[in-house]
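Enquirer: One structure, pasted below without further comment.
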């Protein structure tokens, strides 16, 4: 449904280094995500993090005015490293509730579709 | 997965009256949901509403200490009537973001599972 408005690609970056680091501890796990995600930093970068800004769907829609190349990063079980978050253009929190990775992805995809509908004045969001 | 911990039933109440009321306007739509949902009020009742309390997953888990019979109500496109919300034991907001009905249901189900895991000290939530 998003493809009506924009090109979208969903990359799952889970490598051996991340898998091994998960077993070592929080710090190691976060660093492994920074290493895996850093090559993808370009355009306008957004991370999902519990400490991020809480926005509504209309504010979310404004993201699509920022750039024509937007990346969303979702961290692992321990979240993302502060050093990585500092490189973001925006850090947002979906909810105070903790979501499983798959649920966060579903929510994020629906917000992207909803945001693009708002931007295009398509009636879906109403 | 929830059935490991509790009996759960998902009822979709969408009748002719709701369908007709939707086309008339916000007030009529909300009243039609009150009429359709009122017969299900028993035990501990919770509605999802944008004006509700924002809680994290640990606070959500505490809901299951309140009663052994808990109902969650999700409104239609216009939400629920104030009169109906006044009858609730708790009104919660999942997020500042607007979710499609299906997404709200997925998020709610995961929180119920997560909450029951927290209560049972099952490692899923970690």
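Enquirer: Can you say whether residue B:125 is at pLDDT below 95, more than 9 Å from chain A (Cβ to nearest Cβ) and at negative phi, as far as the supplied structure shows?
Expert: The answer is no for residue B:125.
Enquirer: While we're on this one: Kindly provide the set of residues from region A:15-43 that are free of Cβ contacts under 8 Å to residues at least 12 places away in the same chain and assigned to a loop (DSSP other than H, G, I, E, B), ordered by number.
Expert: Hit for region A:15-43 is A:25, nothing else.
Enquirer: Conditions: (1) more than 25 Å from residue A:117 (Cα to Cα); (2) touching a strand residue (DSSP E or B) at 6+ places or on another chain (Cβ under 9 Å); (3) part of a loop (DSSP other than H, G, I, E, B). Residue A:12 meets all but one. Number of the miss?
Expert: Failing condition for residue A:12: (2).
Enquirer: Does at least one position in region A:113-121 carry a residue that is modelled with pLDDT of 95 or more, surrounded by 18 or more Cβ atoms within 10 Å (Cβ to Cβ) and in a loop (DSSP other than H, G, I, E, B)?
Expert: No; the residues of region A:113-121 include none that is modelled with pLDDT of 95 or more, surrounded by 18 or more Cβ atoms within 10 Å (Cβ to Cβ) and in a loop (DSSP other than H, G, I, E, B).
Enquirer: Okay, next question. Which numbered condition in (1) within 14 Å of chain A (Cβ to nearest Cβ); (2) buried (at least 20 other Cβ atoms within 10 Å of the Cβ) is the only one that residue B:104 fails?
Expert: (2)
Enquirer: Right, next: Quick check, is residue B:41 surrounded by fewer than 17 Cβ atoms within 10 Å (Cβ to Cβ) and modelled with pLDDT of 95 or more?
Expert: yes
Enquirer: Any residue in region B:44-58 that is touching a residue at least 24 places away in the same chain (Cβ under 8 Å) and part of a helix (DSSP H, G or I)?
Expert: Among the residues of region B:44-58, at least one is touching a residue at least 24 places away in the same chain (Cβ under 8 Å) and part of a helix (DSSP H, G or I), which makes the answer yes.
Enquirer: So, one more: Test of understanding: among A:91, A:106, which residue is over 17 Å from residue B:104 (Cα atoms) and modelled with pLDDT of 95 or more?
Expert: The match here is A:91.
Enquirer: Let me ask something else. Out of all the residues in region A:63-101, which are more than 14 Å from chain B (Cβ to nearest Cβ), touching a helix residue (DSSP H, G or I) at 6+ places or on another chain (Cβ under 9 Å), part of a loop (DSSP other than H, G, I, E, B) and buried (at least 18 other Cβ atoms within 10 Å of the Cβ)?
Expert: A:75, A:80, A:81
Enquirer: Could I ask something else about it? Quick check, is residue B:17 modelled with pLDDT under 95 and touching a helix residue (DSSP H, G or I) at 6+ places or on another chain (Cβ under 9 Å)?
Expert: yes
The values are calculated or read from the model by the stated rules, or taken from the named source; none is laboratory data. All values reported here derive from a predicted model rather than from experimental measurement. No Cβ is skipped: glycine too gets one built from the backbone with ideal geometry, and neighbour counts run over all protein chains shown.
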